[in-house]
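This report concerns only the one structure given below.
The values are calculated or read from the model by the stated rules, or taken from the named source; none is laboratory data. Nothing here was measured: the structure is a model prediction, and the numbers come from that model. Every residue, glycine as well, gets a Cβ built from its backbone with ideal geometry; the counts of neighbours run over all protein chains shown. SASA here: full protein model, heavy atoms, side chains in, ligands and nucleic acids out. Shrake-Rupley method; radii C 1.70, N 1.55, O 1.52, S 1.80 Å.
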Amino acid sequence: MHVVILGSAAGGGLPQWNCRCPICSLAREDSTCVRPRTQSSIAVSPDGDRWLLVNASPDIRQQLFDNSVLHPREGLRHSPIHAVLLTNGDVDHVAGLLTLREGQPFTLYGTAGILDSVNANRVFDVMAEGVVAREPIGLDAAFEPVPGLRVTLFSVPGKVPLWLEGKTVELGAETETTVGAMIEANGRRLAYIPGCARVTDRLKGQIAGADALLFDGTVLLDDDMIRAGVGTKTGWRMGHVPMTGENGSIAALADIEIGRRVFVHINNTNPVLVEDSPERAAVEAEGWIVAHDGLSLSL
Ligand code: MLT
Ligand code: MN
Ligand code: ZN
C-alpha cells in the first residue's frame, strides 16, 4: 500500500494567512526551522496507479501539483484519483471538493451524516450529478472505493464541524459526524484518524495491530491556543485530544501494538512543528513521527 501525506497541518495551514504567532512567523522566515505545511489530506493506493483521496483540503490544487503520482496521465483529461472519502465535514476536509469540478468523474464517499452537510450546501453541486456519484457508507462495514483497497469507517469521539455548531455543542460524541478509517490493501492496515476528541478503549481495540497509524496531532497540550495567546479554545472544545498529558494520545496509545505512529492535522500553534524544539524531541522519543507534507509510507 502506498500512502502520501499531502497536507499535514490542521485548519488554517502553516503559516495561517492572518497569524503572526512565533511558529507561523518562523514558517515565513526560516523554512529549515519550521516547514510550511498545507491542510489535512492523504492519498492512498494499493498499486501506485489508482488513488483514494482521503479528505479534500482547501490546498488541494497545490497538493496535486506537488505530487506527480496524482498528475493526469493519459488522454486530454484524466486523473489517477478514483474516489474521495471524507472523515468529517470540517472546512479543511471539504473545501477542496470545489476544486474537483471540471467534469471529472469520481465517487465521493462518507457517512450519511457527513455527506448530508455537503448535500445541504448547493455550492458543492459544482460536482455535477451524473459525473460525481455520492455514496453514503455505513459504519463498521467494509467497502472498496478503489479496486484492491478495503475501507471500514468507525465513529470516534468528536463534534459537528465548527461551521455547523449551534448555541450548544455536544463534545466527545461518538456519532457519524467524525470517523476514523481503517484502510487495508495486500494484507497491510493503515488507520487514519485526523480528528479525535478522546482515546477510548473501543478506539484502541479498533486500531491495535495496524501497520501504521496517522493520528490527530492538533495540539500538544489542551491549552496550546491559550498559551500562544491566539484564542480561548481548548483542544477538547475543538474536538481534539492533546498529544501529551495523562489522557493524551501518546500515553493512551502506548500499550497497543502499532507499526508506525505518525501525527497529522497539526495546528500551527503546536510547538512540535519547530524542528529543533524540545517538544519535537520529546514526541519523537516516544516513538512518534511528526508528519510533513509529502511524507510517504510504503506498507
Ligand atoms: C478543526 O479541525 O478543529 C477544524 O478544522 C476547525 C476549522 O474548521 O477551522
Ligand atoms: Mn480540521
Ligand atoms: Zn500561527
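At-a-glance table
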| quantity | calculated |
| --- | --- |
| Where Trp17, Trp236, Trp51 fall by accessible area, highest first, once all protein chains stay in place (1.4 Å) | Trp17, Trp236, Trp51 |
| Label zone at Asp66, where the point sits 7 Å out along the Cα-to-Cβ direction: the range 274-294 residues whose backbone N lies under 19 Å | 274-276, 289-294 |
| Estimated vicinal HN-Hα couplings, Hz - the range 143-154 in sequence order (Karplus 6.51, -1.76, 1.60; Gly, Pro = x) | 9, 10, x, 9, x, x, 10, 9, 10, 10, 9, 9 |
| Carbon + sulfur, % of accessible area of the range 2-298 - ligands and nucleic acids excluded, 1.4 Å | 50 |
| Candidates per trypsin sites (Lys or Arg not before Pro) in the range 17-64, loop by DSSP, up to 11 other Cβ within 10 Å | Arg20 |
| Prolate/oblate/rounded label for the range 230-285 (Cα gyration tensor, a/c 1.5) | oblate |
| Cα→Cβ-extended label distance, 7 Å offset, between Arg122 and Arg237, nm | 3.5 |
| Placed amide H near Leu85: partners under 5 Å, 5+ positions off or other chain | Leu53, Val54, Asn55, Tyr109 |
| Largest-first ordering by accessible area, 1.4 Å probe, given options Tyr109, Tyr192 | Tyr109, Tyr192 |
| Cα gyration tensor shape of the chain, rounded if a/c is under 1.5, else prolate or oblate by comparing a/b with b/c | rounded |
| Estimated inter-spin distance, Thr200 and Gln104, nm [label 7 Å along Cα→Cβ] | 3.6 |
| Amide H contacts of Val241 (H built 1.01 Å from N, under 5 Å, at least 5 apart or other chain) | Cys196, Ala197, Arg198 |
| Under 5 Å, built H, 5+ apart or other chain: amide partners of Arg37 | Leu14 |
| Arg227 versus Ala142: modelled label distance in nm, points set 7 Å from Cα along the beta carbon direction | 4.2 |
| Cα gyration tensor shape of the range 89-134, rounded if a/c is under 1.5, else prolate or oblate by comparing a/b with b/c | prolate |
| Mean ellipticity per residue at 222 nm, deg cm²/dmol - from DSSP H runs of n ≥ 4 across the chain, formula -39500 (n - 2.57) | -4000 deg cm²/dmol |
| Residue-wise HN-Hα coupling along the range 57-74, computed from phi with Karplus coefficients 6.51, -1.76, 1.60 (Hz; x: Gly, Pro) | 7, x, 9, 4, 4, 5, 5, 5, 5, 6, 10, 5, 5, 9, 6, x, 10, 8 |
| Per residue solvent-accessible surface (Å²) - the chain, probe of 1.4 Å | 43 |
| Estimated vicinal HN-Hα couplings, Hz - the range 209-224 in sequence order (Karplus 6.51, -1.76, 1.60; Gly, Pro = x) | x, 5, 6, 8, 10, 10, 10, 3, x, 4, 10, 7, 10, 4, 10, 3 |
